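Asks: I have a structure here, written as structure tokens, and I will follow up with some questions on it.
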Amino acid sequence: MNILSQWIRSYVPGLTLPDRELAEALTLRGIAVEGIYELGPGSGSLFEMDITTNRVDAMNHYGIAREAAAIAGLPLAPLDAALPPSQPVTVPIQVSIEAPELCGRFTARSLSQVRIQPSTGVVAELERQLNINEDIIRFMTVRVDELENGPSAMMRRGERDRARGERGDRGDRGDRGDRGGDGSHRTRQRNRGPRD
């Protein structure tokens, strides 16, 4: 889950902890921040978080802001969740229950006259930053996939060692010793002083 530090700060005015310290404090309190991506000067950071299923309350910016407010001992700005008053539905909703033995109850709410418009102000800037970060994460994911599909460092080393063996290169064997021309094992020893 991606969380923007600027959005957290909009709900906790006066939060002065730097983003990295905030991420560490959240992690210590059970909300794991697995990655921190700087979004540029004045834009804050994007936290890549692993929220466990028992913390549904923290699966949004406001829930993380509540944790940040508790950490810093600051008040949490109230969430403006005012909805227009409900009105009776003029056109009834048609519901067909095809398996009544599996559906004992059914409730519904109709939303009408909803206009979806582009976000403005702070929300528009936060959405822009999220889109930039999604592009970065997409690029990083593709890059990791490319690297994982190629030979690993150990495989490349093994191939290099086999090629050296075929050419007769000994490489650097250090003190491991080597075999003589007659097949006998010879060990090189260092001059060592007395042990302490």
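The values are calculated or read from the model by the stated rules, or taken from the named source; none is laboratory data. Because the structure is predicted, anything quoted here is derived from the model rather than measured. Reconstructed Cβ throughout: ideal geometry from the backbone, glycine too, with neighbour counts over all protein chains shown.
Asks: Considering only the stretch 23-36, I want to know if a residue exists there that is in contact with a helix residue (DSSP H, G or I) (Cβ under 7 Å, 6 or more places away or on another chain), in the same structural domain as Y11 (by TED's automatic domain parsing) and within 24 Å of R128 (Cα to Cα).
Replies: Yes - at least one qualifying residue is present in the stretch 23-36.
Asks: If you scan the stretch 59-74, which residues turn out to be under 22 Å from E127 (Cα atoms), hydrophobic (A, V, I, L, M, F, W, C) and either outside any loop (DSSP other than H, G, I, E, B) or not assigned by TED's automatic domain parsing to the domain that holds P18 (or both)?
Replies: I64, A65, A68
Asks: Quick test of your reading of the structure: I116 fulfils all but one of (1) within 40 Å of the chain's Cα centre (by Cα); (2) touching a residue at least 12 places away in the same chain (Cβ under 8 Å); (3) part of a loop (DSSP other than H, G, I, E, B). Name the failing condition by number.
Replies: I116 satisfies all of (1) within 40 Å of the chain's Cα centre (by Cα); (2) touching a residue at least 12 places away in the same chain (Cβ under 8 Å); (3) part of a loop (DSSP other than H, G, I, E, B) except (2).
Asks: Which count do you get for residues in the stretch 1-50 that are touching a Gly at 6+ places or on another chain (Cβ under 7 Å) and polar (S, T, N, Q)?
Replies: Count: 2.
Asks: What are the residue pairs meeting all of these: first residue in the stretch 77-91, first residue without any contact (Cβ under 8 Å) to a residue 40 or more places away in the chain, second residue in a loop (DSSP other than H, G, I, E, B), Cβ atoms under 7 Å, and 6 or more apart or on different chains?
Replies: Within 7 Å, the pairs are V89/S110.
Per-residue answers, yes or no, for (1) of a type outside the set (G, A, S); (2) more than 15 Å from the chain's Cα centre (by Cα); (3) not in a loop (DSSP other than H, G, I, E, B):
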| position | (1), (2), (3) |
| --- | --- |
| A25 | no, yes, yes |
| P41 | yes, yes, no |
| D57 | yes, yes, yes |
| L76 | yes, yes, no |
